[in-house]
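Visitor: My structure is below; once you've seen it, I'll send some questions.
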Amino acid sequence: MTGQGDRRNWTYLLKRGFTYGADWQIGASGQLTVDKALPDLPGVYALIVDEDIVYIGVTARTLSKRMADYARGPKAQRTSHRVHHLLKTALGGGRVSRVLYAMPEHTDWNGLPVQTAPGLEQGLIQHIKPIWNLQGA
């Protein structure tokens with residue numbers, strides 16, 4: 001049986017089909033950025049600090065737009081604002097932060113449409129209990 005610590009290691013998601021997307025960085029003027037272009041598709045994403053999965057999320061927009069929200073950290077978006085500051089603190093402390101993602105296909109159940117990404121997000125939060133997810137705490 002896999003221990004809780006093993007489930008929180010980023011390789012846990014990589015072995016199960018997640019893709020490495022980018023590293024977070026602090027730019028010269030102090031802004032958060034990612035070092036690679038991310039897909040313009042919706043999906044489930046994981047934020048990693050060092051080797052640990054610290055946040056699981058889902059976006060119906062695009063992954064690149066969702067990460068831009070975290071980069072800006074607007075106060076009106078409570079989660080974006082909170083995660084923005086957590087990322088800046090981690091990076092400012094010399095830690096490495098990455099983005100992983102998965103884009104599960106929609107399916108159907110008895111002829112009814114099923115969006116699998118929200119279910120995957122919820123299941124991962126319950127299973128991994130990432131420390132930055134308020135539901136996982």
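Visitor: Residue by residue through segment 68-83, note down the ones that are out of contact with any Ser or Thr (no Cβ under 7 Å at 6 or more places or on another chain) and within 18 Å of residue 58 (Cβ to Cβ).
Guide: Residues satisfying the conditions are 68, 77, 78, 79, 80, 82, 83.
Visitor: Of everything in segment 73-123 that's under 18 Å from residue 50 (Cβ atoms) and polar (S, T, N, Q), which residue is surrounded by the most Cβ atoms within 10 Å (Cβ to Cβ)?
Guide: Residue satisfying both the conditions and the ranking: 97.
Visitor: How many of the residues making up segment 8-18 are in a loop (DSSP other than H, G, I, E, B) and surrounded by fewer than 20 Cβ atoms within 10 Å (Cβ to Cβ)?
Guide: 3
Visitor: Please find, within segment 40-72, the residue that is surrounded by the most Cβ atoms within 10 Å (Cβ to Cβ) out of those that are more than 14 Å from residue 128 (Cα to Cα) and of a type in the set (Gly, Ala, Ser).
Guide: Top of the filtered list is 43.
Visitor: A further question follows. Pull up segment 1-59, narrow it to residues that are at pLDDT 95 or above and hydroxyl-bearing (Ser, Thr, Tyr), then point me to the one that is nearest to residue 118 (Cα to Cα).
Guide: For segment 1-59, the residue satisfying everything is 59.
The values are calculated or read from the model by the stated rules, or taken from the named source; none is laboratory data. Computed from a predicted model, the values in this text were never measured in an experiment. No Cβ is skipped: glycine too gets one built from the backbone with ideal geometry, and neighbour counts run over all protein chains shown.
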